[in-house]
Amino acid sequence: MSSYYITTPIYYVNAEPHLGHAYTTIAADVATRHARQRGMDAFFLTGTDEHGAKIARAAAEAGVEPRDWVAPIADRFRGLTRSVGAQYDFFIRTTDPQHEAFVQRFVTRLRETGDLYEGTYAGFYCTACEAFYRESDLKNGLCPEHGIEVPWVEESNTFFRLSAYADRLLAHYDANPDFVMPRARYNEARSFITGGLEDTSLSRRSTDWGVPLPWAPEQVIYVWIDALLNYASALTYAREGEDLTARLWPAAWQLLGKDILRFHAVLWPAMLMAAGLEPPRRLFIHGMILGHDGNRMSKTRGNTLDPFPVIERYGADALRYYLLREVGFGQDGPVGYGTLQARYESDLANDLGNLVSRTVAMVTRYRDGVIPAVASAPRIAAVMESAASGYAERMDDLDFTGAIERAWELVRELNRFVEERAPWKLARSAEAAEVAALDETLATLVDGVRVLGVILSALLPERARLILAATGESPDAPAYSLAAPGLGTPGARVDGSAGPLFPRVETLAA
Ligand code: MSP
């Protein structure tokens, strides 16, 4: 069985979880569930990044100890993950003692291989990024990510010889043109390396909230070194008494936003090389979710979309669909309550929901609920096949929007087919030809709806269960190979007991 290890960034617990975090988590969950349907040995890691000056500062502002601050927020991140329907295999916290011990072993090894040296750092430090900047990196003298002032710091600490890995990193990029996706991000990442790499601090003296450096415990390990290692440390203790590294590493996909590309595309593979581990197979760099006005979401602008009320009103599946359909994975894009409502009504309630309820209602009315035992109309069966293969192919590149488009080609084709065949007219006749045509029409619709239930079970896990149950199938995580015409259970009956898939809701828009 091929392994499919997928990760999200671990999120900072300096503040409450928001829609941006939910976005990456949802994408990773859909990819994981789909891989599992395809028979892969999938493992999904997410979690929280809990050390560093940024979190120490948030705790201090709240007047509590960092250790007491992080636990409840980590719980809320776990809560958001569950609320969006994400089924992670492990939730890592960088304050886990096993992770901390792993980080200490890792830096000890780097010291032994001669990759570390003592030096003095002088430069700018942005606590919001937890990143060091050169003067030439700043925009108008401010942090290029946050637009805030960055203090000058001078500190003697331990350095990692990152510059020594430039040639090996470039060789890795050249040998693996898919290492960073999409292509524009690959080029950007490669240019970081060709632009010249400086050695990086591996420890900090100016904060004590972190993992102590084993040989100089008055310093803590730099939070990005600590954080990146989560992807490897988790495999050593996610399952008690088992080390999953040989089974799952290298990761199939690591998902992240473009805000943290540099760390993942340069520092992380170099760290792995230094430790004799392979880099991940592919990194996917997605864009930023913006407010409906195209600006960065912020409470003061009033352009945020709060995931919790959306889930309460529309359900997690609708949020999953909306985010992955609305914003091309890899691009920036605006989201808001207005377009959410529009997509819910047109794509989900009208196109998909009505198709399912009409199909069930017609089989109930015209055939007493028994699905006619005839083959699907060949033209529509061909669309079922191309939708299933097209969806899978797009998912192989994490093109969620493209994958959804392929599934909706089948939805729309089935809706056209109903209008074309007009079963309500066929049902008025007792002629053999009309009876047979009605049988074929109903069987085709049920078959098509069932295929959609299989295809969509990763994206819409709750509603796909209802779709499969409505067509008389077992709703549990169907193998993707069942997304083909003619594979329904013989003698199955439709079941209309679940009611509408996507009931009418009032918009949350002001
Ligand atoms: N803790 C670091 C990551 C360490 S990984 C070894 C961090 N945390 S974060 O809480 O700031 O999360 C950043 C990530 O959250 C982004 O890379 C992205 O995956 C997600 N997003 C946060 N805001 C987002 C948007 N507005 N839009 C899309 N994704 C966003 O950086």
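Protein heavy-atom accessible surface, 1.4 Å probe, per residue over the chain: 41 Å².
Per-residue ellipticity at 222 nm, computed for the chain from helices alone with -39500 (n - 2.57) per DSSP H run of at least four residues, works out to -14000 deg cm²/dmol.
Answer rounded, prolate or oblate for the range 3-286, using the Cα gyration tensor with square roots of eigenvalues a ≥ b ≥ c: rounded when a/c is under 1.5, else prolate when a/b is larger than b/c, else oblate. Since a/c stays below 1.5, the shape of the range 3-286 is classed as rounded.
Separation of the range 119-166 and the range 396-455, taken as the distance between their Cα centroids, equals 58 angstrom. Between S497 and I148, the FRET efficiency from the beta-carbon distance, with R0 = 60 Å, is close to 0.60.
Extension gain for E420 to A175 (0.36 nm times residue separation, less C-alpha to C-alpha distance): 83.0 nm. Relative contact order, whole percent, for the range 337-482 stands at 26, derived from Cα pairs under 8 Å and 6 or more residues apart. Oblate is the label for the range 128-267, because the ratio a/c of its alpha-carbon gyration tensor axes (a ≥ b ≥ c) is 1.5 or higher and a/b is not greater than b/c. Around the amide H of D49, modelled in the peptide plane, lie the amide H atoms of Y11, Y12, V13, all under 5 Å away and 5 or more residues distant in sequence or on another chain.
Working from Cα pairs under 8 Å separated by at least six residues, relative contact order for the chain is 15 percent.
When F284, F263, F308 are compared by accessible surface with a 1.4 Å probe, the order from highest to lowest is F308, F263, F284.
Put a dot 7 Å past the Cα of S474, heading toward its Cβ, do the same for F192, and the two dots end up 4.5 nm apart.
Ordering W268, W209 by accessible surface, largest first, gives W209, W268; the 1.4 Å probe counts only protein heavy atoms, with every chain in place. Reported value for the range 337-482: 110 Å³ per residue, from the convex hull of its C-alpha atoms. Split the accessible area of the chain by element, probe 1.4 Å, and carbon with sulfur accounts for 50%. Of the two radii for the chain, the radius of gyration is 1.04 times the Kirkwood radius, both from the alpha carbons; that is the Rg over Rh value. Report, ordered by chain and residue number, the lysines lying within cross-link reach of K258, taken as a straight Cα distance under 25 Å and ignoring same-chain residues fewer than 8 apart. Within the straight-line limit of under 25 Å, K258 reaches these lysines: K54, K139, K299.
The values are calculated or read from the model by the stated rules, or taken from the named source; none is laboratory data. Everything numeric here is computed off the predicted structure, so don't read it as measured data. All Cβ positions, even for glycine, are placed from backbone atoms using ideal geometry, and neighbour counts span all protein chains on display. Protein only, heavy atoms only, side chains kept; ligands, DNA and RNA dropped before computing areas. Shrake-Rupley method; radii C 1.70, N 1.55, O 1.52, S 1.80 Å.
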